[in-house]
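*Asks:* Dumping the structure here so I can ask a few things about it.
The values are calculated or read from the model by the stated rules, or taken from the named source; none is laboratory data. Bear in mind that the values here come from a model prediction, so they are computed numbers and not experimental data. Cβ coordinates were reconstructed from backbone atoms using ideal geometry, including for glycine residues, and neighbour counts include every protein chain displayed. Only protein heavy atoms, including side chains, enter the accessible area calculation; ligands, DNA and RNA are left aside. Shrake-Rupley method; radii C 1.70, N 1.55, O 1.52, S 1.80 Å.
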Amino acid sequence: MPSADPILVTGAAGGIGGVGGKVVRELREHGVPVRALVHHDDDRAAALRAISGVEVVVGDLTRGTDVVAALEGCRRAYFGMSPSADYLEATATVAAAGLESGQLELLVNISQMTVSQMNLTSSTESSQQRLHWLSEHVLNWSGLPVVHIRPTVFMENPLFGMLAVASIRRDNTIRLPFGTARTSPVATRDVAEVVTRLLLDPSPPVGRVYELTGAASRDMTMIAAEFSDALGRTVTYLDVPYDEWVERDLKPLGLTPHVFAHISTMARLHRENRYDRSTNDVTELLGRPPSGFDSLVEATPGLRAGKG
């Protein structure tokens, strides 16, 4: 790093894989001071405070005073937050605060790979995906030194990290409405490692867009076989009708309306084969292959001890 200034990490206590929290820990392993912005002062914030070299600040990314204070003294920052109807407002606030500071030399922005398939008039995506598409444009228009990363679906997304895991534990099946479509989920630890590499790059590739996927695009029968190998027992894929899956599997999770609409749309887009995509960006950036589903098994307590 060219500077000992702290790096700002937003969404540091966020959910769905917790990329921000993983970035905080990765940066500290490299000895870099971190300012971690969290929305709520809870147990996750306390866990971050317990890490030497991490300054935790509580704030709202849509509140200008909070973002200006969080950015003070930071030359590099990672911007990400959990799915929210306020995502675009938060992005614009961060962009304005970054311009006002006049010090930012790099902003790493996490987006979604579905943005690569979208344009102004496309309408089949979720509101959250639309907000990511617009947010990228706002950051580009701002003129800030931005690098966009566009991960495909996370392995830790509720589709896999909650629903597939739950049905594997219950009866060694993966109940999802994907049909014969293919997908290439990416591990959040790989995404966090990419973010960290970019934040620490002495000559960051400003203006670049990186699309992050797993090692290969494959159907759910093949993914079930990967779980079988990792668990040492047979796991099978059970394709279920989309509407039935929404009622029986997704609704009981009690997600907020915004997140529910996002996840249900992702499932529909999977069934339409919109997630059949694969890139080499993770390998090229990290010098190793992307993680497989064995990493999700390792990170999921008790899954190996499920029904055998």
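*Asks:* Would you check which residues across the range 152-174 are more than 25 Å from residue 197 (Cβ to Cβ) and open to solvent by less than 10 Å² (accessible area, probe 1.4 Å) and list them?
*Replies:* 158, 159, 164, 165, 167, 168, 174
Matching residues to (1) in a strand (DSSP E or B); (2) open to solvent by less than 60 Å² (accessible area, probe 1.4 Å); (3) over 14 Å from residue 136 (Cα atoms); (4) touching a Gly at 6+ places or on another chain (Cβ under 8 Å):
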| residue | (1), (2), (3), (4) |
| --- | --- |
| 25 | no, no, yes, no |
| 37 | yes, yes, yes, yes |
| 52 | no, no, yes, no |
| 77 | yes, yes, yes, yes |
| 95 | no, yes, no, no |
| 107 | yes, yes, no, yes |
| 116 | no, yes, no, no |
| 119 | no, no, no, no |
| 123 | no, no, yes, no |
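*Asks:* On to the next question. Say we look at the range 261-300 and pick out the residues that are of a type in the set (S, T, N, Q) and modelled with pLDDT of 95 or more; which of these is farthest from the chain's Cα centre (by Cα)?
*Replies:* Out of the qualifying residues, it is 273.
*Asks:* May I pose another question? Looking only at residues that are open to solvent by 10 Å² or more (accessible area, probe 1.4 Å) and in contact (Cβ under 8 Å) with a residue 60 or more places away in the chain in the range 136-151, which one is farthest from residue 76 (Cα to Cα)?
*Replies:* 150
*Asks:* OK, next. I want to confirm something. Restricting to the range 39-50 and keeping residues that are in contact with a strand residue (DSSP E or B) (Cβ under 8 Å, 6 or more places away or on another chain) and not in a loop (DSSP other than H, G, I, E, B), which single residue is farthest from residue 261 (Cα to Cα)?
*Replies:* Looking at residues that are in contact with a strand residue (DSSP E or B) (Cβ under 8 Å, 6 or more places away or on another chain) and not in a loop (DSSP other than H, G, I, E, B), I get 49.
*Asks:* Still on this structure, please answer the following. Among what's in the range 221-269 and is assigned to a helix (DSSP H, G or I), in contact with a Ser or Thr (Cβ under 6 Å, 6 or more places away or on another chain) and among the hydroxyl-bearing types (Ser, Thr, Tyr), pick the residue that is surrounded by the most Cβ atoms within 10 Å (Cβ to Cβ).
*Replies:* Out of the qualifying residues, it is 265.
*Asks:* Out of the residues in the range 79-93 that are free of Cβ contacts under 8 Å to residues at least 60 places away in the same chain and not in a loop (DSSP other than H, G, I, E, B), state the one that is most open to solvent (accessible area, probe 1.4 Å).
*Replies:* For the range 79-93, the residue satisfying everything is 89.
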